[in-house]
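Some notes on the structure that comes next.
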4 protein chains.
Amino acid sequence: MSTLDFTLSAGPVATTARTLAALGAPITYHYDPEFLEAFRRTQEKVAQVFRTENDIILMQGEAILGLEGATRSLVRPGMHVLNLVQGVFGKGTGFWLADFGAVVHEIEVPYNEAVDPEQVEAYLDAHPEIELLTVVASETPSGTVSDLSRIGPIAQARGVLTLVDIVSALAGMELLADEWGLDVCVAGAQKCLGGPPGVSLVSVSEAAWKAISANPNAPTASYLSLTDWKEKWLGQGVFPYTPSISDIHGLEACLDQALEEGVDNVIARHRDSALVTRAGVRAMGLSLWSADEISGFCVTSIALPDSIDHTELRSYVRDRYGVMLSSGQGAGNLIRIAHMGPTATGLFPIVGLSALGRALLDLGVSVDVGAGIESALDVLSKQRN
Amino acid sequence: MSTLDFTLSAGPVATTARTLAALGAPITYHYDPEFLEAFRRTQEKVAQVFRTENDIILMQGEAILGLEGATRSLVRPGMHVLNLVQGVFGKGTGFWLADFGAVVHEIEVPYNEAVDPEQVEAYLDAHPEIELLTVVASETPSGTVSDLSRIGPIAQARGVLTLVDIVSALAGMELLADEWGLDVCVAGAQKCLGGPPGVSLVSVSEAAWKAISANPNAPTASYLSLTDWKEKWLGQGVFPYTPSISDIHGLEACLDQALEEGVDNVIARHRDSALVTRAGVRAMGLSLWSADEISGFCVTSIALPDSIDHTELRSYVRDRYGVMLSSGQGAGNLIRIAHMGPTATGLFPIVGLSALGRALLDLGVSVDVGAGIESALDVLSKQRN
Amino acid sequence: MSTLDFTLSAGPVATTARTLAALGAPITYHYDPEFLEAFRRTQEKVAQVFRTENDIILMQGEAILGLEGATRSLVRPGMHVLNLVQGVFGKGTGFWLADFGAVVHEIEVPYNEAVDPEQVEAYLDAHPEIELLTVVASETPSGTVSDLSRIGPIAQARGVLTLVDIVSALAGMELLADEWGLDVCVAGAQKCLGGPPGVSLVSVSEAAWKAISANPNAPTASYLSLTDWKEKWLGQGVFPYTPSISDIHGLEACLDQALEEGVDNVIARHRDSALVTRAGVRAMGLSLWSADEISGFCVTSIALPDSIDHTELRSYVRDRYGVMLSSGQGAGNLIRIAHMGPTATGLFPIVGLSALGRALLDLGVSVDVGAGIESALDVLSKQRN
Amino acid sequence: MSTLDFTLSAGPVATTARTLAALGAPITYHYDPEFLEAFRRTQEKVAQVFRTENDIILMQGEAILGLEGATRSLVRPGMHVLNLVQGVFGKGTGFWLADFGAVVHEIEVPYNEAVDPEQVEAYLDAHPEIELLTVVASETPSGTVSDLSRIGPIAQARGVLTLVDIVSALAGMELLADEWGLDVCVAGAQKCLGGPPGVSLVSVSEAAWKAISANPNAPTASYLSLTDWKEKWLGQGVFPYTPSISDIHGLEACLDQALEEGVDNVIARHRDSALVTRAGVRAMGLSLWSADEISGFCVTSIALPDSIDHTELRSYVRDRYGVMLSSGQGAGNLIRIAHMGPTATGLFPIVGLSALGRALLDLGVSVDVGAGIESALDVLSKQRN
């Protein structure tokens, strides 16, 4: 097997040396005054990236912890919830909602399409009993995105709370949490921020806190509890449990880099890499999994011919060429070249295209690798002009 | 305020440069073959330190996550549980048990005493309906330990499952999980192992798995679920959620160091530092919080005169002398010098004693610092002879 | 300007995370027993890579320090020295030799050719007064190599000492110092070893020591002195000056990696990357600077059309595409893609070819980038078969 | 043998995590635009710490490289030089001066005394043929300092150039290079700056450059050459040899920290630690090697009874207590507790005093360790009041 030279998978992703140095910074007691200050600074910086003045909660655990905590906190048995499903994660949300006792409404589309905001509007108008809308901003397994800029205001105008899973796309797509009226947003750092995979970044609006405190089922005295964080940490300055010193330092470092670069520039960098990649994919003779207008910038999903299995292809590319791509993860027979974090720039897409193209050739699929690389470089050259 | 020069608090603790380098190692995709191998190696090494052949689960979150997950997994409504209470954490366990629907039996002693194993034996004999015993191996806030070598076999002989919170004392006190018949043990890395604070180390016996699978209340499809880890990871090689690459690398590094040094040597090192510290405390004219025979090796708890508040003293020592100690954390008016991880050796106790002694003098408490240091050095000199 | 994404220059080169962690390891006193042991271990490992049982001296400074020290140590005024010149560094050696008082004989060829060993043999036979032969193993600025396997024995058979500048090619070309009778070899770590740029690695044979001790001009009590190292460090265990703790740790780390991989495998990896690159260069329609049989594996030198200036091209590629290549450094109008250290593998040559090819297109040079990438990938695919 | 817990030796010294992270930062090509900028920034920062507007040269090698280079550059055969000798390094300078052909004048005092500036003044007045004065600012082996604030102006007023060895005391004693008229200053980073041991920091005045360019013996085309750096780097932006990327990053990091803290505060911190240590030494019943008014702040030198050998004591303390002190290094039978860099603060002197005091007790020397620690803490408490 080859050594690992390039991680172009859909998270956790390669990080900068600066972020790694922060992850390896000395560990202190969590009540050391210097750490308390670092923790609070980091909250502030998360809020800046979210573009929100809502409370920020940094839970210690992969982002699914924040998602579960937020969902359990908001959902009461018998509550009507509209769940938008255009991919694997949206589908999973529905199972949780049902488990937690909600009356689940769903708008579902095939995994290479996106839910139409107008349909959401119509559905909410037709179902005034709905109190909560759940939506996945970026369906990483298939690469499609939701239009939060329209869905958020639609919900807000109808007094419907929103719970947004933006785990994989923070800093990889536009997010204006307050302007769009998003109540609860949950993100991870190990994707477009190029940060550590161990933290959940959660924003909670006043309206959401009100709903949570009125929910007898909202977890308390639990690792899943948002309420504990609100009461103990935000209220009394006491941690409900020991946060990971290392992860907070790593998180602050990647936020610093994003803010120094400018969040809009970070997003543009992801978009540019996506466009370079897609030009290459098309010129090679391959098909993209979803239409451009609903495809996010953090991964490029490529439909595979039936003769090729996506997980075997992923292994082949890794073994043979030292490049880690991502497979379809349940969404379909597709392979994904991610452009997330520090590899969403410059020639990294060329690496992904070369590895994928040559591997397909090796496996008997006819692709025009040279044309692909040329087209990709052409787009890059123009971007950098 | 002084800069932080020494962390002698009760965890998270100072780590070695080698562990920090591992925490700052490159982040890869979690399904990269090299990471999968590292994850499995790390499980093996945890088992070695636990001295068990039971399954090992590495949950992504501070050890309280493992504790909550394990408790929820084991406890059925109506189940009779004996909870041993000799400190803050034991007390908390009781609240959880009640919340989760158990019929809670408790043996409780003052927080500077330890539950007598004979009393446990008698209680279990008198209450054959008890199915689970919960015990905190090391009550860090007060510094006392439980005698697992006796309690474990007592429970096992009666068919009672054991759930052991050994969060703070792994590698700081003897642990023979299998020999003592301990069914579920939950530990953290950020204490005597000198590792990262973001992971829960959990061992689960066959008997415990049986009880869990028979428990309809055991969490599934949840961040708290042990069952998910068993079915998905142990069963199918699929992670239930993304583990923290960095924390696993940091964890493996601190385990490697413990195994290279020899776990028994690590424990002896903690004991030696405790003895040095205690000689110093006594010779200074201060009182230990608990009797020697029930005091663990990972912290030395010192009773404070009423004129001194423990949290203010902790802040004073940190501000004035750059040393982070721990306060009583709810257990009483006491201050703690921890000897955990890389600072459980050599002259680190002298640093703690000097900081504490001089601070007390500054604050008007008459202590004989010189005599304290001399006695402490005397013990150290003999240990190193 | 783009951020730096890839360093494909001719040294210092990108290093592994493991080497960087070693460079960032805690600094200790140089007489700390642990450092003394590390220093001696590192000497041993250098000897293994050199394939020698001669003494190893690790001087603190870039490799040119070792070269100057060795040259001054060996050269007496009036001594006849044969200097082989096929590039910039060989040319420079001649100036030094003259400065130090030698009677300089030179065999010089154009910088895209290599000195013929048979000519060396004939020259030495015709000039029995020659006592020392100086040769550059790898002329990095132009990319050509000398055949040490033949030149070494020719010199040795005639009682002529050899001074070998292998600064840039250690672990990038075969070296059997003892078998080939090489008396003094000087190397750097910042090239094919992927190590730190701050140390000179020098091997010295018994015969060379004899010549040095007979040379009244050999530096003593000087930073340049090999004699100081022999007498003080090798003789008495006392450093002539403080070595760099960090560099020694970094050096040991990169040596460990080379020895674990196997030095022959490291060399093969460099060769493979060179072959991939050259296939790409040719298929793009560009010309290599020197013939294959005299081109080393650590850089690929590409002749540029007159319309393009090599230093401007280097800047353009760096600014536009975030890739650092090397220019001709005095050897001619050429650009170099290096394959040294951790980037001498897999798809890194594709990155270099893409950056170079597209930059040339941008600047109006007609190259067939797609064909180049395809040919390069074709070679790589076969290597990895 | 104990593990190394504390480095309290006279350099290389312990460094901060921030400096170590910089040493372990990614290595780039030395002509990468980002490195060129970092190199120039670092020069500026050295100038700020030197308090000079003279040129700064950063030579790649331990500070003795800078000293040798500067001395060879300035000294012509037959030149009259006044060398001040109050310790081991001053003595060594004299040997060099003689080697390089100078007519050497010396004012020498015992190694626990300091040369009187008035005597220097008188000597220079009596010897107008003297063109250069050489002085060691801080004689680390014995711990004494020279009064540069008086010696510098005395020399300058007489048109005598000054060459100052301030290797060990930069940021540990006041230095106003321009105000005091110091022509050439040579320092290291691995002492009070807590930086890497691999670089020489050299400042050169216009007058010194004039003398150097008029000196036919000044090294050129040599690793020792200041002239090469002036012509190539300062003149043309071309490095005379590859600088160590890692060392420059490490150097910049430690300079940043010194400048952020304020150089005067750094010096005050060293002074405070020296005073704490000295109070402890005296109260223990030991004698300081030199009088307070001529003792520097970076080491405290303690005279040993004849029954104890300094190097054996150093080894004993290291082996038994894990603390690295420094021995007399040729200056006499003395042991040194250094307070340099990050350990020149707070309770680190207590560690040194405890280790030394207890070791002496172990070895049969009667010292009052308790009284020593109490006095030391008393001084510290007042400093921090």
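The values are calculated or read from the model by the stated rules, or taken from the named source; none is laboratory data. Nothing here was measured: the structure is a model prediction, and the numbers come from that model. Backbone-built Cβ (ideal geometry, glycine too); neighbour counts: all protein chains shown.
Numbers below:
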quantity: Enumeration of residues in the stretch C:27-55 that are at the interface with chain D (Cβ under 7 Å from one of its Cβ atoms) and either under 22 Å from the mean Cα position of the chain (by Cα) or surrounded by fewer than 19 Cβ atoms within 10 Å (Cβ to Cβ) (or both); calculated: C:Asp32, C:Pro33, C:Glu34
quantity: Any chance D:Lys210 is surrounded by fewer than 19 Cβ atoms within 10 Å (Cβ to Cβ), farther than 30 Å from C:Ser326 by Cα, basic (Lys, Arg) and over 22 Å from the mean Cα position of the chain (by Cα); calculated: yes
quantity: Odd one out for C:Ile130 among (1) touching an Asp or Glu at 6+ places or on another chain (Cβ under 8 Å); (2) over 27 Å from C:Leu325 (Cβ atoms); (3) surrounded by 18 or more Cβ atoms within 10 Å (Cβ to Cβ); calculated: (1)
quantity: Residue, farthest from B:Cys298 (Cα to Cα), within the stretch B:351-375, restricted to residues that are surrounded by fewer than 20 Cβ atoms within 10 Å (Cβ to Cβ) and among the acidic types (Asp, Glu); calculated: B:Asp362
quantity: Residue that is within 12 Å of chain A (Cβ to nearest Cβ) and out of contact with any Asp or Glu (no Cβ under 7 Å at 6 or more places or on another chain), where the choices are C:Ala253, C:Ala291, C:Ala355; calculated: C:Ala355
quantity: Selection count where residues are modelled with pLDDT of 95 or more, in a loop (DSSP other than H, G, I, E, B) and in contact with a helix residue (DSSP H, G or I) (Cβ under 8 Å, 6 or more places away or on another chain), scope the stretch B:1-11; calculated: 3
quantity: Selected residue [β-branched (Val, Ile, Thr), on the phi < 0 side of the Ramachandran plot and in contact with a His (Cβ under 8 Å, 6 or more places away or on another chain)] from B:Val115, B:Val81, B:Val88; calculated: B:Val81
quantity: Of the criteria (1) buried (at least 24 other Cβ atoms within 10 Å of the Cβ); (2) among the polar types (S, T, N, Q); (3) touching a Ser or Thr at 6+ places or on another chain (Cβ under 6 Å), which one A:Thr19 fails; calculated: (3)
quantity: Options D:Phe297, D:Phe348: the member that is within 14 Å of chain B (Cβ to nearest Cβ), at pLDDT 95 or above and surrounded by 24 or more Cβ atoms within 10 Å (Cβ to Cβ); calculated: D:Phe348
quantity: Criterion violated by D:Glu129 - all others in (1) closer than 17 Å to D:Gly152 by Cα; (2) in contact (Cβ under 8 Å) with a residue 40 or more places away in the chain; (3) among the acidic types (Asp, Glu) satisfied; calculated: (1)
quantity: Answer from A:Thr242, A:Thr311 - the residue that is out of contact with any Leu (no Cβ under 6 Å at 6 or more places or on another chain), within 14 Å of chain B (Cβ to nearest Cβ) and in a helix (DSSP H, G or I); calculated: A:Thr311
quantity: Residue within the stretch D:2-10 that is facing another protein chain (nearest Cβ under 7 Å), under 17 Å from D:Lys230 (Cβ atoms) and within 24 Å of the chain's Cα centre (by Cα) present; calculated: no
quantity: Test: residue in the stretch D:306-313 that is buried (at least 24 other Cβ atoms within 10 Å of the Cβ), modelled with pLDDT of 95 or more and not polar (S, T, N, Q); calculated: no
quantity: Some residue of the stretch D:83-93 being farther than 22 Å from C:Ala221 by Cα and outside the structural domain of D:Asn333 (by TED's automatic domain parsing); calculated: no
quantity: A:Val263, sole failed condition from (1) surrounded by fewer than 21 Cβ atoms within 10 Å (Cβ to Cβ); (2) within 14 Å of chain B (Cβ to nearest Cβ); (3) among the hydrophobic types (A, V, I, L, M, F, W, C); calculated: (2)
quantity: Odd one out for C:Trp180, checked against (1) within 14 Å of chain D (Cβ to nearest Cβ); (2) touching a Ser or Thr at 6+ places or on another chain (Cβ under 9 Å); calculated: (1)
quantity: Per-region count, the stretch C:168-183, residues crowded, with 24+ Cβ neighbours inside 10 Å, of a type outside the set (D, E, K, R) and over 14 Å from the mean Cα position of the chain (by Cα); calculated: 2
quantity: B:Gly101 being away from chain A (no Cβ under 12 Å), in contact with a Pro (Cβ under 6 Å, 6 or more places away or on another chain) and in a loop (DSSP other than H, G, I, E, B); calculated: yes
quantity: Output for the stretch B:265-308, where each listed residue is assigned to a helix (DSSP H, G or I) and free of Cβ contacts under 8 Å to residues at least 40 places away in the same chain; calculated: B:Asn265, B:Ala268, B:Arg271, B:Arg278, B:Asp292, B:Glu293
quantity: Inter-residue pairs, beta-carbon under 6 Å, first touching a residue at least 40 places away in the same chain (Cβ under 8 Å) and in the stretch C:145-159, second of a type in the set (S, T, N, Q), 6+ apart; calculated: C:Val145/C:Ser138
quantity: Failed condition for B:Gln236, given (1) within 24 Å of the chain's Cα centre (by Cα); (2) of a type in the set (S, T, N, Q); (3) more than 10 Å from chain A (Cβ to nearest Cβ); calculated: (1)
quantity: Residue within the stretch A:64-76 that is surrounded by fewer than 23 Cβ atoms within 10 Å (Cβ to Cβ), within 12 Å of chain B (Cβ to nearest Cβ) and touching a strand residue (DSSP E or B) at 6+ places or on another chain (Cβ under 9 Å) present; calculated: yes
quantity: Whichever residue in the stretch D:192-207 is facing chain C (nearest Cβ under 10 Å) and at pLDDT 95 or above and, among such residues, is surrounded by the most Cβ atoms within 10 Å (Cβ to Cβ); calculated: D:Gly195
quantity: Condition broken by D:Val81, with the remaining ones in (1) over 18 Å from D:Val160 (Cα atoms); (2) away from every other protein chain (no Cβ under 14 Å); (3) not polar (S, T, N, Q) satisfied; calculated: (1)
quantity: Failed criterion for C:Val103 (all others in (1) of a type in the set (A, V, I, L, M); (2) under 18 Å from C:Gly152 (Cα atoms); (3) surrounded by fewer than 21 Cβ atoms within 10 Å (Cβ to Cβ) hold); calculated: (2)
quantity: Residues that are under 17 Å from C:His270 (Cα atoms) and more than 9 Å from chain A (Cβ to nearest Cβ), drawn from the stretch C:327-345; calculated: C:Arg336, C:Ile337, C:Ala338, C:His339, C:Met340, C:Gly341, C:Ala344
